[in-house]
1. If the cut-off is 18 Å between C-alpha atoms, which aspartates and glutamates fall inside it for A:LYS60, apart from same-chain ones fewer than 8 positions away?
2. Please report the net charge: other residues with Cβ closer than 14 Å to the Cβ of B:ILE94, K and R +1, D and E -1.
3. Quote the FRET efficiency, to the nearest 0.05, computed for B:ALA33 versus A:LYS119 with a Förster distance R0 of 51 Å and r equal to the Cβ-Cβ distance.
4. Any chance you could check the Cα centroid distance between the range A:147-217 and the range B:154-191 for me, in angstrom?
5. Sorting check: for B:170-181, B:248-259, which peptide has the highest mean count of neighbouring beta carbons within 10 Å, and how do the rest follow?
6. Please state the relative contact order of chain A as a whole percent: Cα pairs under 8 Å, 6+ residues apart?
7. If you restrict to DSSP beta bridges whose two residues both lie in chain A, what percentage is antiparallel, to the nearest 5?
8. If amide hydrogens are placed 1.01 Å from N in the peptide plane, which non-local residues have theirs closer than 5 Å to the one on B:ILE104?
Amino acid sequence: MPLLDVENLTVTLATSSGSAQAVRNLSFSLDEGEIIGIAGESGSGKTMTALSLMRLLPHKGFATGSIKFSGKDLLAQTNRAYRDIRGNQIAMIFQDPMTSLHPMIKIETQLTEHIRHHKKISQESAHLKALELLDTVKIPDPASALEAMPKQFSGGMRQRIAIAIALACDPKLLIADEPTTALDVTVQAGILRLLDQLRREKNLAVMVITHDLGVLSSLTDRIMIMYAGSEVESGLTSDLLKNPRHPYTKGLISALPTSSISGKKLLTIEGMPPELGQIPSGCAFHPRCAYAKTSCESQIPTSISISTKHRIFCPVNPLVSS
Amino acid sequence: MQQIKKSKNLTLAGNMSAKVSSSFAKFIYKRIAVGLLMMIGITFVAFAVTQVVPGDPAAVNLGQSAMSNPEIVARWRAEYGLDKPVPEQYMRYISKVLQGDLGISQHSRRPVSEDLAEYFPATIEIALVAIIFSIIIGFSLGILSAMTRDRLPDQLIRVLSLTGVSMPTFWTSLVVFYIFFFKLGWFPGTGRLDPGGDEPTHLTGLYTIDALVHGQFSIAWIALKHLALPAIVLATYTIGVLTRFTRASVLEILGNDYVRSARAKGLPEWLVIKRHVLRPALLSIITVAGVAFGGLLSGSVLVENVFSWPGLGQYAFKSAIALDLPGIMGVSIVVAGVFIIMNLIVDFLYRIIDPNLRSE
Ligand SMILES: Nc1ncnc2c1ncn2[C@@H]1O[C@H](COP(=O)(O)OP(=O)(O)OP(=O)(O)O)[C@@H](O)[C@H]1O
Ligand SMILES: [Mg+2]
């Protein structure tokens, strides 16, 4: 049984022009100790997918479908029951470490409040745990760091602290929403190495969200590509990057700087992703797709298996590329 | 091992507090210097305004027959220094003010400083009670409103606070006075004490405090009952404003990333609010409350009239219609002083609430 099994997840949000679906019929699963990368352009619903796992959707937003975590359906839990899972068994780190820590609360409190809440341990043992956590994420001089305020740290250090906070209750699943986007390139590599190390040492399952495929290539076991709230392709990292089958994935990969260095023509995808609530009929990608046929305008694509764990949502392209 | 850690913590705390107090002293000096400059500015403006306002103080304060006698008018003008050039009048005034002499009021014919010492505490007392009411009620309702956003409690609170904001003070005064004093008789009517009742032994001029300090509990109770209606009336507007403001500010804070982080930890919502939202919310509420306190002082003119409250508002009103320059200037200086002290208190509270400011 996978650790996380998401089935037909649909997220509906309230917008100024009525409700709209930010995530549509998404299904994926994640095993213990596995790292999955979720990639896609801005607005493709990556963050909303993550927030629905955390049940932290924006005001008036809701999720339907099923999210099974260790066999329990998260969407069916009461708020109170769910709070025992959130932060305890599933933890999340956010994109911008400059705003995700509370500016007026010292690090020790931010690092220990949920340990004390979930694990009901003494202040003394929470303190020791906090020292250990800061050591794990390689913060120099953990003792004085605990006494400090967030503004005394750089962005990279803050993201390490945020990771320490997420790890505090020894969760089984860590969701990292663009954990490196707000950081310098040199600092990024360090954070990614840290995530990789944690996965190996703690058998932590990690869901990394990014719009930068380059970030994922070295870190993830599997990748899922999203477009307009739905999966377009997923597969083992090497399969997907070497042998992308969906026109959108192909576009994303050839837009990577590394592929243009290797001599291929830099291919960008024409046009813009659709606005929320204005998702085209049929295959959402068809207006931008070079291979689109008339049937794409009306026919909603279903999953087509390419090889084990590699599937695409495009009835046209497998024929074209093979 | 434990011992060592403890003592290290202690010295760390010791160092911190030394740093805090020296930076705190600097902060206080700076604020006092700014305050003094502001006082000089205020006296200047007040003085300038009284100079350009049309109307002859002599004509207002001397009777018809005295006005027709140039000798009396000249003597009266000389007595108040009104025959001197304006800059000289100002300099004379400033140097007297610095000695604590605010001149003789032309309408009460007593030293202005004595008048102020009598009327000012009465106003401060209702204004303080009103602002405490407003902060407690406004803050709680605002938080409740934000937490139940768009649901029934929020809707009810919205109606209430909008009513509070839009009702004119003189009207609320009359309605409250009519219902709770005249019809129901729950509260005493006018004045600071029952007619003919004993005053508490003088200390601050705030009757409730003075009575409590001297153990005169029955007087304190009477004074408190007299305070209730005017304070509530005075507070209605401020409660409305603070409720709306708190709601907006809490909603804004709830949208912050750090609140999402707190929720992501699985903390119960009350703990998220208490530890992660209250502090930043207080920070913005305090600023508004400081400004609102100034508003309460000006609102007190009407309320004091309805409740025959012998306060600064009434005094200012009388001074103004009498074109009583020393009186008007005295009131301006006191009100400016209140604003300056209020700012100081707000800054001070800022430093208490935001630990980042403490170590700066
Ligand atoms: N609070 C909100 N209310 C309504 N719509 C929202 C809200 N937050 C995001 N959206 C919309 O939901 C859609 C999906 O957003 P989401 O944040 O999941 O995208 P994303 O893939 O994470 O993009 P990015 O790479 O920019 O983070 C977008 O169209 C966005 O405009
Ligand atoms: Mg996002």
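The values are calculated or read from the model by the stated rules, or taken from the named source; none is laboratory data. From a predicted model like this one, the values you see are computed outputs, not experimental measurements. Methodologically, a virtual Cβ is constructed for each residue, glycine included, from the backbone with ideal geometry; neighbour enumeration extends over all protein chains shown. With ligands, DNA and RNA removed, areas are computed over all heavy atoms of the protein, side chains included. Shrake-Rupley method; radii C 1.70, N 1.55, O 1.52, S 1.80 Å.
1. Reachable aspartates and glutamates: B:ASP150, B:ASP154, B:GLU252, B:ASP257, B:GLU269.
2. Details: positive: B:LYS84, B:ARG92, B:LYS96; negative: B:GLU88, B:ASP101.
Surrounding charge for B:ILE94 is +1.
3. Details: r = 52 Å, r/R0 = 1.02.
Step by step, r from the Cβ atoms, then E = 0.45.
4. Between the Cα centre of the range A:147-217 and that of the range B:154-191, the gap is 56 Å.
5. Values: B:170-181: 16.2, B:248-259: 17.9.
Peptide ranking by packing, descending: B:248-259, B:170-181.
6. Details: 605 pairs, mean separation 64.8, N = 322.
20 percent.
7. Values: 29 of 48 bridges.
The answer is about 60 percent antiparallel.
8. Under 5 Å from the amide H of B:ILE104 lie the amide H atoms of B:VAL112, each far enough along the sequence or on another chain.
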